[in-house]
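Undergrad: First the structure, then my questions, so here it is.
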Amino acid sequence: MPAPVLAEANRSEVPGSYALPLAPFDGRQLPVRMVEGAVEQRAYQLEAPGMTTLAVLAPLRAQIEAAGFTVLMECATRACGGFDFRYGTEVLPEPDMHVDLGDFRFLAAEKEGEAVTVLVSRSALTAYVQITRVSAAPLVSTVAPEGTGPVVDLDIESPRGVDPAPADDSIAAALDSTGSAALEDLVFASGSASLTEGDYASLAAVAAWLKANPTATVALVGHTDASGSLAANIALSERRAKAVAQALIERYGVDRARISAEGVGFLAPRATNQTEEGRQKNRRVEVIVTSTR
């Protein structure tokens, strides 16, 4: 780091996925490419009074290029797309990472099998740096380590890695009666499409309902509040819906063919966007039955 580190935070996901920005927000959408592997995000707070965001980014860029990465894009604030760019890319939540919408810089680079991005912003006395790195993730071994018991070949129809949260009975009742339900307990990091770690009763309920209705299919629909452009919010809401679908597939063994994921941004509010309470209610993922009997 180009200045003393005051604090550090991180999150990792193995295997995981990351929407790698390829260009600034173009007025309609943020061009991205999904990359998969071991995802690690680190946020640093630096003691950097008087340092500009360029002064912070420049030595980091030099290190990235020296490591053999090719810079795909680099932009600053308005040239990136301002608000729409900031909320179209994944950022660790406050207070770990702070982004001043009037002063930030972003860089994306890649080399064979790896991608890295750097987001830099600042407050009056502190610089903030977020580094996201995606590298090749090892496949999970199917061979038992020496000294452990034999590997059990589970029936593919059995749920995998079901977490212990009890199912929410109200969701099954809503799917049977009205064909839709909001997954109220999901928690996403601010501006991010990644589900935070935790047990979600709503996911257990959806998986249980699908198991009880083996011919049914559902759509997961992401919603946002009205902050930012429609295009950026549709992109974010779709990525969140896809993250929920992936959790159902990986944690509960739900058949991928039975789930679709869509995003509608702020086009279907269930509360006013004029208050913070209303905006919180509008940020949600819903499950909708798409099959008929």
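The values are calculated or read from the model by the stated rules, or taken from the named source; none is laboratory data. Only a predicted model underlies this, so the values are computations on that prediction, with no experimental measurement involved. We place every Cβ from the backbone using ideal geometry, glycine too, and count neighbours over all the protein chains shown.
Undergrad: Look through ALA231, ALA205, ALA182 and report the one residue that is over 16 Å from the mean Cα position of the chain (by Cα) and over 30 Å from GLN274 (Cβ atoms).
TA: Exactly one residue qualifies, and that residue is ALA205.
Undergrad: Please go through the range 236-254 and pick out each residue that is within 11 Å of the chain's Cα centre (by Cα) and of a type outside the set (S, T, N, Q).
TA: LEU236, GLU238, ARG239, ARG240, ALA241, LYS242, ALA243, VAL244, listed by residue number.
Undergrad: Okay, moving on. Return the only residue of ALA241, ALA205 being touching a strand residue (DSSP E or B) at 6+ places or on another chain (Cβ under 9 Å), at pLDDT 90 or above and over 30 Å from GLN29 (Cβ atoms).
TA: Residue meeting the stated conditions: ALA205.
To keep it simple, each residue is scored yes or no on (1) modelled with pLDDT under 90; (2) touching a Leu at 6+ places or on another chain (Cβ under 6 Å); (3) outside the structural domain of ALA245 (by TED's automatic domain parsing); (4) at positive phi.
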site: ASN10; (1), (2), (3), (4): yes, no, yes, no
site: GLU13; (1), (2), (3), (4): yes, no, yes, no
site: GLY16; (1), (2), (3), (4): yes, no, yes, no
site: LEU20; (1), (2), (3), (4): no, no, yes, no
site: ALA23; (1), (2), (3), (4): no, no, yes, no
site: ASP26; (1), (2), (3), (4): yes, no, yes, no
site: GLN29; (1), (2), (3), (4): yes, no, yes, no
site: GLY37; (1), (2), (3), (4): yes, no, yes, yes
site: TYR44; (1), (2), (3), (4): no, no, yes, no
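Undergrad: Right, another one. Quick one: in the range 210-234, of everything that is within 14 Å of ALA181 (Cβ to Cβ) and either among the hydrophobic types (A, V, I, L, M, F, W, C) or in contact with a Pro (Cβ under 8 Å, 6 or more places away or on another chain) (or both), which residue is modelled with the lowest pLDDT?
TA: Going through the qualifying residues, I end up with HIS223.
Undergrad: Within the range 4-51, work out how many residues are touching a residue at least 40 places away in the same chain (Cβ under 8 Å) and assigned to a loop (DSSP other than H, G, I, E, B).
TA: Of the residues in the range 4-51, 13 are touching a residue at least 40 places away in the same chain (Cβ under 8 Å) and assigned to a loop (DSSP other than H, G, I, E, B).
Table: residues versus (1) touching a helix residue (DSSP H, G or I) at 6+ places or on another chain (Cβ under 9 Å); (2) within 26 Å of ALA19 (Cβ to Cβ).
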| residue | (1), (2) |
| --- | --- |
| LEU183 | yes, yes |
| ALA205 | yes, no |
| TRP209 | yes, no |
| VAL218 | yes, yes |
| ALA232 | yes, yes |
| LEU236 | no, yes |
| ARG239 | no, yes |
| ARG251 | yes, yes |
| ASP255 | yes, yes |
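Undergrad: OK, next. Which of the residues that make up the range 62-107 are under 12 Å from VAL118 (Cα atoms), charged (D, E, K, R) and at pLDDT below 95?
TA: GLU90
Undergrad: Out of ARG11, ARG33, ARG61, ARG28, which single residue is charged (D, E, K, R), buried (at least 16 other Cβ atoms within 10 Å of the Cβ) and under 22 Å from the mean Cα position of the chain (by Cα)?
TA: ARG11
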